Amino acid sequence: MLPQVSGSSKWGETELRHLLIEGVQAANQAIHRRNQEQCTDMGTTLTAAVVVGLTACVVNVGDSRTYLYRDSVGLRQITRDHSVVAYLLETGILTSEDIYTHPQRNQIYRSLGTDPLIQVDAFIEHLQPGDLLLLCTDGLWEMVRDPVIEQTLRSGTNPSEMSSALLEAALAGGGADNVSVIVVQVSEAARQTDRQPLAQPDAVEMPDSSPDEPKQSSRE
């Protein structure tokens, strides 16, 4: 996918959104096909981003998240969780703290692999030099509250250090699920590079730890 972007000068916001959604659909179909072949019920969540110049296209399915951190405004979640507790939060039934302890906190209503075609949320973000994008699984944000995530990103000196600090915080907080963390920093050079994608993050941490509770997928 990235060679298609870097080899062309015609990729605008609409094209990036379409390309990334197509990639998610391809991944979904591969998992769904394997489920059909092996009579299994595998599923997974996903969040991904493509950054071209100062434009980011972000997608997600499930409750893996992408955050934007900017010094002047702090931390903001870009993606929306496709989970029972997120829905209850949006409708005012739960508070933001309830989502960490609610008995249905592990139930998601959208995931890759359950159906041959999946609905994908897509977002366009206009970035500034110095911005940070954080992509993570619920193994991070369920163990580490947003204010601590924000403080860690604010005080870090580089993406690799921030990623390691967030990983350590998740493990110290209980490490009850697999933890995946990617931190990407937008450089000043991106202002002049309108068509060159950031093809590789500075840091990726994906340790193996067995979850205490399996992720549940419920179709609603």
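The values are calculated or read from the model by the stated rules, or taken from the named source; none is laboratory data. All values derive from a computational prediction rather than experimental measurement. Cβ: placed from backbone, ideal geometry, glycine included. Neighbour counts: every protein chain shown.
Among the residues of segment 1-25, just one is at pLDDT 90 or above and loosely packed, with under 11 Cβ neighbours inside 10 Å, namely T14.
Residue by residue, here is whether (1) among the aliphatic types (A, V, I, L, M); (2) assigned to a helix (DSSP H, G or I) holds:
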{"site": "A49", "(1), (2)": "yes, no"}
{"site": "N60", "(1), (2)": "no, no"}
{"site": "V85", "(1), (2)": "yes, yes"}
{"site": "L89", "(1), (2)": "yes, yes"}
{"site": "L94", "(1), (2)": "yes, no"}
{"site": "Q104", "(1), (2)": "no, no"}
{"site": "R110", "(1), (2)": "no, no"}
{"site": "I118", "(1), (2)": "yes, no"}
{"site": "I124", "(1), (2)": "yes, no"}
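For Q77, the conditions (1) touching a strand residue (DSSP E or B) at 6+ places or on another chain (Cβ under 6 Å); (2) over 26 Å from D146 (Cβ atoms) are fulfilled apart from (2). For segment 130-146, the condition holds for at least one residue, the condition being that it is touching a residue at least 60 places away in the same chain (Cβ under 8 Å) and over 19 Å from the mean Cα position of the chain (by Cα).
Which residues, taken from segment 77-120, are under 13 Å from L46 (Cβ atoms) and either surrounded by fewer than 17 Cβ atoms within 10 Å (Cβ to Cβ) or in contact with a Pro (Cβ under 7 Å, 6 or more places away or on another chain) (or both)?
Q119
Cβ separations smaller than 9 Å between residues 6+ apart or across chains give the following pairs from segment 78-107 residues that are farther than 20 Å from D121 by Cα and of a type in the set (A, V, I, L, M, F, W, C) to residues that are at pLDDT 85 or above and assigned to a loop (DSSP other than H, G, I, E, B): L94/H102; I99/D81; I99/E142.
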